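The values are calculated or read from the model by the stated rules, or taken from the named source; none is laboratory data. Everything numeric here is computed off the predicted structure, so don't read it as measured data. Cβ coordinates were reconstructed from backbone atoms using ideal geometry, including for glycine residues, and neighbour counts include every protein chain displayed.
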Amino acid sequence: MLGAGGSELTADDVHEAAHATPGWRWTLLGGPGSWTDDPWDLLCRVTVVVTHGGQNAVAECAAARSPAIVLPQRRPHGEQHATARALAAGRLATVCERWPEPQEWPVLLETARRTGGGRWRLWAPGDGAIRAARLLDDLAAAHDDTGDLSCASQ
């Protein structure tokens with residue numbers, strides 16, 4: 001899964017990886033593949049997602065609890081590499097700092113499959129709406145009759 005931010009990846013790179021992993025079926029989204037406005041259903045069904053390290057892609061994988069291989073792309077501020085380091089440190093995804101050689105793919109895919117997607121709950125617990133509602137309730141309760149907010153620390 002690639003975004004619209006640019007990539008050095010080519011269709012040949014993906015073809016070589018797919019050829020090296022005959023037991024796996026590859027679907028390319030973005031980059032040299034087809035664009036999908038909403039990859040959610042696919043993310044929820046796949047065995048492993050191979051993705052760049054952009055925040056939206058990582059958030060989607062986390063929310064879907066998809067086992068993932070994260071391949072950070074070069075960006076001017078290094079944000080994808082910083083994200084990849086955090087994911088590796090938390091053992092949330094399999095991270096590779098470069099596009100793997102074809103013979104490396106079988107082990108990477110199997111490692112990601114075995115790792116699973118359960119640890120994504122550490123990145124995205126899934127209770128954001130409930131926590132936001134609680135904070136709004138607390139803010140409303142702090143509101144006094146004059147329309148001023150009290151200054152209570154939390």
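Going by what's in this entry, would Gly31 be described as of a type in the set (Gly, Ala, Ser), in contact (Cβ under 8 Å) with a residue 12 or more places away in the chain and within 23 Å of Gly128 (Cβ to Cβ)? Show your work before the answer.
Numbers: of a type in the set (Gly, Ala, Ser): yes; in contact (Cβ under 8 Å) with a residue 12 or more places away in the chain: yes; within 23 Å of Gly128 (Cβ to Cβ): no.
When the stated conditions are applied, Gly31 does not pass them.
Scan the stretch 1-16 for residues that are closer than 19 Å to Arg113 by Cβ and part of a loop (DSSP other than H, G, I, E, B) and report the count. Full working, then the answer.
At the first step, the residues of the stretch 1-16 found to be closer than 19 Å to Arg113 by Cβ are 1, 14.
Subset that is part of a loop (DSSP other than H, G, I, E, B): 1.
Number of matching residues: 1.
Within the stretch 17-75, take every residue that is in a loop (DSSP other than H, G, I, E, B) and among the polar types (S, T, N, Q) and give me the one that is farthest from Pro106 (Cα to Cα).
Restricting attention to the stretch 17-75, the residues satisfying the condition of being in a loop (DSSP other than H, G, I, E, B) are 20-28, 30-33, 35-39, 46-48, 52-54, 65-67, 71-75.
Now restrict to residues that are among the polar types (S, T, N, Q): 21, 27, 36, 47, 66, 73.
Numbers: Thr21: 6, Thr27: 16, Thr36: 26, Thr47: 13, Ser66: 18, Gln73: 21 Å.
Restricting to residues being in a loop (DSSP other than H, G, I, E, B) and among the polar types (S, T, N, Q), the top hit is Thr36.
Regarding the stretch 5-21, can at least one residue be identified that is touching a residue at least 12 places away in the same chain (Cβ under 8 Å) and within 30 Å of Asp127 (Cβ to Cβ)?
From the stretch 5-21, those touching a residue at least 12 places away in the same chain (Cβ under 8 Å) are 5-11, 13-14, 16-17, 19-21; that's our starting set.
Filter once more, so that each one left must be within 30 Å of Asp127 (Cβ to Cβ): 5.
So far as the stretch 5-21 goes, yes, one or more of its residues are touching a residue at least 12 places away in the same chain (Cβ under 8 Å) and within 30 Å of Asp127 (Cβ to Cβ).
If we scan the stretch 78-101, do we find a residue that is over 19 Å from Arg113 (Cα atoms), surrounded by 20 or more Cβ atoms within 10 Å (Cβ to Cβ) and free of Cβ contacts under 8 Å to residues at least 40 places away in the same chain?
Initially, the stretch 78-101 is screened for residues over 19 Å from Arg113 (Cα atoms), giving 78-83, 85-86, 98.
Checking which are surrounded by 20 or more Cβ atoms within 10 Å (Cβ to Cβ) leaves us with 80, 83.
Applying the additional criterion that residues be free of Cβ contacts under 8 Å to residues at least 40 places away in the same chain yields 80, 83.
Yes: one or more hits.
Answer yes or no as to whether Thr47 is surrounded by fewer than 14 Cβ atoms within 10 Å (Cβ to Cβ) and touching a residue at least 60 places away in the same chain (Cβ under 8 Å). Don't jump to the end; show me each part of the working.
On the way: surrounded by fewer than 14 Cβ atoms within 10 Å (Cβ to Cβ): yes; touching a residue at least 60 places away in the same chain (Cβ under 8 Å): yes.
Yes: the conditions hold for Thr47.
Kindly indicate whether any position in the stretch 20-33 is surrounded by fewer than 16 Cβ atoms within 10 Å (Cβ to Cβ), among the small types (Gly, Ala, Ser) and either under 21 Å from Gln103 (Cα atoms) or in contact with a helix residue (DSSP H, G or I) (Cβ under 9 Å, 6 or more places away or on another chain) (or both).
yes
If the requirement is being closer than 29 Å to Glu16 by Cα, hydroxyl-bearing (Ser, Thr, Tyr) and surrounded by 16 or more Cβ atoms within 10 Å (Cβ to Cβ), which of these qualifies: Thr115, Thr36?
Numbers: Thr36 fails: surrounded by 16 or more Cβ atoms within 10 Å (Cβ to Cβ).
None of the other options fit; the residue is Thr115.
Go through the stretch 2-56 and give me each residue that's under 24 Å from Pro76 (Cβ atoms) and modelled with pLDDT of 90 or more.
Answer for the stretch 2-56, where residues must be under 24 Å from Pro76 (Cβ atoms) and modelled with pLDDT of 90 or more: Asp13, Val50, Thr51, His52, Gly53, Gly54, Gln55, Asn56.
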